[in-house]
Amino acid sequence: MDVSLNQLLTKEPLKLNDRPGGRTADPGSIKAKEIQVHRTPNFLDYIMEGCDLTISVAVDFTASNKNIDDPVSLHHLSDAQQNQYQLAMASIGAVILDYDHDKKVGAMGFGAIVPGAEEASHCFPLKLDLGPGEYNVDGLQGLMDAYRDSISKAKLYGPTNFQNVIDQQALMAKECQKSAYHILMILTDGDITDKQETIAAIVRASKVPMSIIIIGVGEEDFEEMDILDSDKGMLEDESGNKAVRDIVQFVPFKQHPSADELESNLLRELPGQLLGYMWANKRTPGSWKDTVFSLPEGEWFKAQ
């Protein structure tokens with residue numbers, strides 16, 4: 001017999017069909033005594049139920065970008081067109097901010113000597129007048145304004161270290177008081193210097209509700225980034241600790257020249273990463289209380 005879910009939910013008797021070639025006058029009927037609908041929450045279920053996507057952007061201020069006054073500098077500022085850093089910020093920021101109620105953006109820089117300092121900082125607020133530990137700016141325009149101001153005042157230096165900005169984002173994710181999943185977008189022009197420290201930071205961050213999107217600007221081959229984007233297996237640090245899930249995606253800017261293509265590729269892995277965290281931690285959308293749902297592994301749970 002063919003039957004729909006709506007027919008079963010009526011709990012009315014449903015007539016059976018005779019077997020092919022059979023001659024039974026009345027094959028009988030069946031009636032559903034009890035029905036349970038098991039649902040698997042998807043990405044939109046969490047978003048529609050109030051899970052914010054919050055974004056932080058960490059910008060590479062290392063000297064390999066070249067002085068901003070040089071027209072070939074990746075940080076060169078022009079009224080005629082945006083540089084690659086600005087284009088990348090605009091593409092991903094505009095999309096993700098639609099899913100964040102307060103529209104705040106964590107704006108960080110790394111690899112520069114900021115005004116008043118004598119040594120390079122590997123995690124500083126792009127809005128240079130913010131206090132220690134303060135990174136938020138208002139929306140995409142606040143991010144762009146902070147970037148233009150800081151790139152004009154800070155001294156590009158180095159090296160290219162990711163650990164500090166990853167640890168800072170993981171701390172903000174842990175301390176966040178709202179229902180949110182956090183995205184750290186790292187914009188960089190070259191391979192990392194602190195490879196093992198970065199791997200250890202990613203392993204730690206894999207336990208909190210966050211993802212890392214690394215965008216490679218410029219013409220480098222970014223060989224090390226493919227290692228961090230652990231599509232072939234979970235990252236493992238030097239102490240043998242393994243990441244509990246894949247949270248890194250690497251996207252080379254030069255392979256996605258249009259804004260639409262860049263946005264599409266930047267968000268390709270994010271839904272699966274968010275679901276991986278929610279399912280692993282048995283978190284359900286807010287209104288699913290007393291709803292029976294199934295996790296992808298096939299194990300059954302009841303929402304608490």
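Too long at a 31 Å Cα-Cα cut-off: which of 153/254; 11/289; 103/207? Over 31 Å apart, Cα to Cα: no pair at all.
Looking at the chain, what % of its DSSP beta bridges pair antiparallel, to the nearest 5? Don't skip to the end; give the middle numbers.
Details: 14 of 42 bridges.
Bridges in the chain are about 35 percent antiparallel.
A Cβ-based charge dipole, computed about the Cα centre of the stretch 211-250 with Lys and Arg at +1 and Asp and Glu at -1, lands at about 360 debye.
Where the alpha-carbon atoms of the stretch 41-123 are placed on the principal axes, they occupy 48, 33, 19 Å, in descending order.
Backbone geometry of the stretch 185-193 corresponds, through the Karplus equation with coefficients 6.51, -1.76 and 1.60 at θ = phi - 60°, to 3J(HN,Hα) couplings of 9, 9, 9, 8, 9, x, 5, 7, 8 Hz, x marking Gly and Pro. Partner aspartates and glutamates whose Cα lies under 19 Å from the Cα of residue 282, excluding those fewer than 8 positions away in the same chain, are identified as 45, 49, 52, 246, 290, 297, 299. For the stretch 1-72 and the stretch 214-265, what is the separation of their Cα centres, given in Å? Distance between centres, Cα-based: 28 Å. Divide the volume of the convex hull around the Cα atoms of the chain by the residue count and you get 185 Å³ per residue.
Full extension of the chain segment joining residue 260 with residue 36 gains 76.5 nm, where the gain is 0.36 nm per residue of separation less the Cα-Cα distance.
For the stretch 13-119, trypsin sites (Lys or Arg not before Pro) are listed when DSSP marks them as loop and at most 10 other Cβ atoms sit within 10 Å of their Cβ; the list is 23, 31, 33.
Based on DSSP, what percent of beta bridges with both residues in the stretch 8-161 are antiparallel, to the nearest 5?
Numbers: 10 of 17 bridges.
The antiparallel proportion sits near 60 percent.
Within a straight-line Cα-Cα reach of under 20 Å, residue 15 can be paired with the following aspartates and glutamates, leaving aside sequence neighbours fewer than 8 residues apart in one chain: 2, 26, 34.
Computed with a 1.4 Å probe on the full set of protein chains, the accessible area for residue 269 sits at about 40 Å². Taking the charge dipole of the chain about its Cα centre, with +1 at Lys and Arg Cβ atoms and -1 at Asp and Glu Cβ atoms, the residue from 286, 158, 265 reaching farthest to the positive side is 286.
How much of the pair distance distribution for the stretch 187-259 lies past 19 Å, counting alpha-carbon pairs only, in percent? List each step's numbers first, then the result.
Working: 879 of 2628 pairs.
Pairs farther apart than 19 Å: 33 percent.
For the stretch 43-134, a simple Cβ point-charge model (Lys and Arg +1, Asp and Glu -1, everything else neutral) yields a dipole of about 180 debye relative to the Cα centre. Pairwise Cα separations in the stretch 80-218 fall into 10 Å bins from 0 onward with the following percentages, short to long: 11, 43, 39, 7, 0. In a fully extended conformation the segment linking residue 119 and residue 78 would gain 11.9 nm over its present Cα-Cα distance, using 0.36 nm per residue. Rounded to the nearest 20, the size of the Cβ-charge dipole of the chain about its Cα centre is 1720 debye, with Lys and Arg at +1 and Asp and Glu at -1. Note on residue 261: accessible area is roughly 80 Å² with a 1.4 Å probe, heavy atoms of protein only.
How high is the relative contact order of the chain, given as a whole-number percent (alpha carbon pairs under 8 Å, six or more residues apart)?
18
The values are calculated or read from the model by the stated rules, or taken from the named source; none is laboratory data. Here the structure is a predicted model, which is why all the values come from computation and not from measurement. Please note: Cβ atoms are built from the backbone with ideal geometry, for glycine as well, and neighbour counts cover all protein chains shown. Please note that ligands, DNA and RNA were not included when accessible areas were found on the heavy atoms of the full protein model with its side chains. Shrake-Rupley method; radii C 1.70, N 1.55, O 1.52, S 1.80 Å.
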